Structures are given as C-alpha cells and as structure tokens.
Amino acid sequence: MKVLTVELDAHGDMADITDEVRKFVRESGKREGAVLVFAKGSTGAITTIEYEPGLKKDFPRVMDKIAPYNDYYEHHKTWGDDNGSSHVKASIVGPSIVVPFKDGELLLGTWQQIVVINFDTRRRKREVILQIL
Amino acid sequence: MKVLTVELDAHGDMADITDEVRKFVRESGKREGAVLVFAKGSTGAITTIEYEPGLKKDFPRVMDKIAPYNDYYEHHKTWGDDNGSSHVKASIVGPSIVVPFKDGELLLGTWQQIVVINFDTRRRKREVILQIL
Amino acid sequence: MKVLTVELDAHGDMADITDEVRKFVRESGKREGAVLVFAKGSTGAITTIEYEPGLKKDFPRVMDKIAPYNDYYEHHKTWGDDNGSSHVKASIVGPSIVVPFKDGELLLGTWQQIVVINFDTRRRKREVILQIL
C-alpha cells in the first residue's frame, strides 16, 4: 500500500497520477493483477480521462453544469459551508477505480490516464491510496 | 462474504453502511486489504458521501435534475413501468466501490461515509454484498 | 485474465457482456471471489443496467443531455477532434466495476446486466478486460 499526496486547485482541478501508479505496480514485483486507486475524502474523486489541456477544462465545466457552485444546497445550512456542489460531483464520479495489469504493465488505452480530481471549493492536498489487489 | 439488507424509501433515499463495512472488515481478521461493496439490483447504487441531512436531500435533487422522474423514458414502454429515471441514475453512479483498509481500519476521510442509495420509485429492501478482496 | 473485443456503434451504444463474464468466472474454477470488468480506452465505460431496448435508448439520451455532442469542447481545439462529449461521458460513468460471485455464480440482480458502452462518435471495437480478484 502507498499513499500519494497531490496538491490541487479548487473546482475540479485534476492531476495525472498514471506514472505514480505504474511505478507502484512495478515496485510490487507482481506480474499480473489489479491495482486499486482510491481517493480519501468526500470532495475528491478518481476516474480515467485523456489528460490534455482541453478536457482538463471541459470536464469541470460539465460537472458544474450538473451541480452548479451557485445553486442552493441544503448542505450549506448544515455547516455554513459553500461546497455542496463539490460533494455532489465527487459522489457522482466516485472514489475508486480498479485497473488491471499484466507483465507488470497497466492495461490502459494509449489516451487513457488515471486522474485524481479535487472538486472542493478551495485548494486541497488530496490523498490517494494505491493498493495491489 | 456478507449480505446486508437495507430498507430504503424511494427516489434516492440513502443509508450510511460504514459501520457495517467496518465491522465486517474487523471480523475478517485481515489487517490490510480492500473491501468490495456491491449493490445488487439495477436501481440501487453505491458511493461515498458526507452523510448528513443536507446532502441526503441535495444528492437526490441533483440526480433528478439529470434524469427527471417526470421525463418520458422508452423503458416505460417496455414494461409499463415508471422507473426509467431510477435505472439511469443508478447506472451513472454505479453499483460498486472498493475501499482499502490498513491495521483493520477503513482508509476513509473523516467526512466520507459509504452509502447505499435506492433510486427506485418505490420503497425497497436493497441487498448490499460485502467481500474482502 | 481475458480480453473481450466488442464492436459497438457510436454515441452510447452498449452491449450486454454478462454471459461472457459468467463464463469467465466458471472457467476460472473459483467458487467465491470477485471479477474486475475494465474498459480499455478513454471513450468507453462499464456499468450495470437492465439491458432492454428502452433503456438502451434512454441512457445515451440522458448522457447526451449532460454532455451534448453539439456543445463546444476545448478538447476539439487540442486535436481537431469531435468527441469531447464522449470523453466527458466516459469519465463520469467510469472505466471499472467489480462484481462478486459465490458458488461460481455472479451475484447480480435478476434485471441487472453488465454492459460495455461506446461513447465515441464513431463505431469502435472496444476491449474489455476481465480478471478474477
């Protein structure tokens, strides 16, 4: 098991962690298996995407159309908070993915990268847990 | 393996099952690993969220904006059913998450709970399968 | 590990791969465990759904309301491409699910099938990786 710490901007900023996952798999010495990638915390999420500057803007834009920052959220009443939209977005995308590997290599598509996303309304250090299954 | 049965109201009602998952992990005697949480049935879903009264309302509201109950669904034509929106919502959120644990403890954020959601249009007993990976 | 190749139409066409997953689990000889189902490539996705003609139309329609094909995407600027919406949809639904089995049988609901979805804007052969965990 390994914990990555990734500092990200607010409102859907994302980081490509494929290389870190790849390295973790290689260092495990396992040839075939699967690796769990899990975002700790309720305003972060994990998915795969083609990591390029365009989609880095498109994805948060669409997520904010689904759950706009400026909407009213009951969550704000509970805590005097402003990140109701962040929670909803993170729960839709989800906290975990599992990626298979063979001969020590991740079985991803060429344009498919593993990303951690920070949906919170402030800059955050996000923890990502990697684990061989 | 363990099967939880959770009775839930319609239209996105959710239950916090973190304690049951935690107990299941402890009883397994395993110190490090991951636990699969899987919703049986096509109108239920699993995710993590900050489980508090506000988000319990916000999340179903946003999901119903995505796939409104009152829209027309081809699904209704197939079965004379009224839960096309339920199916779509459940398929977006997804049926499974995998949560890592270490020293017998789930590696969740402080405000991150595991929930089962019933998107169906009637009260349902939902089955959730827990399994150590 | 096994790789399925499934040819699918564009814009959210889906195929029911439950029988292939079931067969894979039986051939593994394992009685209890879980199977990873992973979509290789950044415009494909895996989920469960009640696989019937109505929802086969409803699901892509709702996904296209979330991320319309005809919207402007920064992604198109990067590559001169037209599939920004495809990437966003695939990243929301996600590339992986994990399904438990017992006595060699998948623990799915009666109306819950495993599907691979092609969100790309052209017909594609999608690769799906199956792996016992």
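Readers should treat all values here as calculations from the given coordinates under stated rules, not as data from a laboratory. Since the structure is predicted, the reported quantities are computational estimates derived from the model, not experimental observations. Note that each Cβ is placed from the backbone with ideal geometry, even for glycine, and that neighbours are counted across all protein chains shown.
Given the options B:H76, B:H87, B:H11, which has the most mean-square fluctuation in a GNM of chain B, springs set between C-alpha atoms less than 10 angstrom apart? Looking only at B:H76, B:H87, B:H11, the biggest GNM fluctuation is shown by B:H76. Between the Cα long axis of helix B:53-66 and the first principal axis of chain B there is an angle of about 50°, rounded to the nearest 10. Scalar couplings 3J(HN,Hα) for region A:121-127, obtained by applying the Karplus form with A = 6.51, B = -1.76, C = 1.60 to θ = phi - 60°, are 8, 9, 4, 9, 8, 9, 9 Hz; x denotes Gly and Pro. Between the beta carbons of C:W111 and B:M1, assuming R0 = 25 Å, the FRET efficiency works out to 0.70 to the nearest 0.05. Sorted from closest to farthest, the other copies place their A:D9 label points 4.0, 4.0 nm away, with each point set 7 Å from Cα along Cα→Cβ. For chain A, the 222 nm mean residue ellipticity estimated from helices alone, with every DSSP H stretch of n ≥ 4 adding -39500 (n - 2.57) and the total spread over all residues, rounds to -9000 deg cm²/dmol.
Computed from Cα atoms, the angle from the helix B:84-93 axis to the main principal axis of chain B rounds to 30 degrees. Could you work out the local net charge near C:W79, counting Lys and Arg as +1, Asp and Glu as -1, over the other residues with Cβ closer than 11 Å to its Cβ? In short, -4. What is the helix-to-structure angle for B:18-28, meaning the angle in degrees between its Cα long axis and the longest Cα principal axis of chain B, kept from 0 to 90 and rounded to the nearest 10? Here the helix axis deviates by roughly 40 degrees. Label-to-label distance, C:E74 versus A:W79, with points set 7 angstrom from Cα along the beta-carbon direction: 2.6 nm.
Could you list A:V37, B:V62 in order of exposure, starting from the residue whose Cβ has the fewest other Cβ atoms within 10 Å? Present the calculation step by step, with values, prior to reporting the outcome.
Details: A:V37 28, B:V62 24.
Result, fewest neighbours first: B:V62, A:V37.
Grab the other residues whose beta carbon is less than 14 angstrom from that of B:R61, score K and R as +1, D and E as -1, and report the net.
Details: positive: A:K77, A:K89, B:K56, B:K57, B:K65, B:K89; negative: A:D71, A:E74, B:D13, B:D58, B:D64.
That works out to +1.
If you add up the charges near C:T43, with Lys and Arg at +1 and Asp and Glu at -1, over every other residue whose beta carbon is less than 11 angstrom from its beta carbon, what do you get?
Values: positive: C:K40, C:K89, C:R122, C:R124, C:R126; negative: A:E50, C:D81, C:D120.
Here the count lands on +2.
Under a Gaussian network description of chain C, with springs only between Cα atoms under 10 Å, the residue in C:K89, C:K40, C:K23 that fluctuates furthest is C:K23. Sorted from closest to farthest, the other copies place their C:G80 label points 5.6, 5.6 nm away, with each point set 7 Å from Cα along Cα→Cβ. The tail of the calculated P(r) for region A:35-107 beyond 21 Å holds 40 percent of all Cα-Cα pairs. Mean sequence separation of contacting Cα pairs (under 8 Å, at least six apart), scaled by the length of chain A, corresponds to a relative contact order of 54 percent.
Across peptide C:74-83, the mean count of Cβ atoms from other chains lying within 10 Å of each residue's own Cβ comes to 4.
The eigenvalues of the Cα gyration tensor, multiplied by 5 and square-rooted, give the protein assembly as shown an equivalent ellipsoid with semi-axes of 26, 24, 24 Å from largest to smallest. Between B:G80, B:G41, B:G104, the residue with the greatest mean-square fluctuation in the GNM of chain B (Cα pairs under 10 Å linked by springs) is B:G80. Size check on chain A: the Cα extents along the three principal axes, sorted descending, read 50, 29, 21 Å.
With its label point put 7 Å out from Cα toward Cβ, C:G104 sits 3.7, 3.7 nm from the same residue's point in the other copies, in order from shortest.
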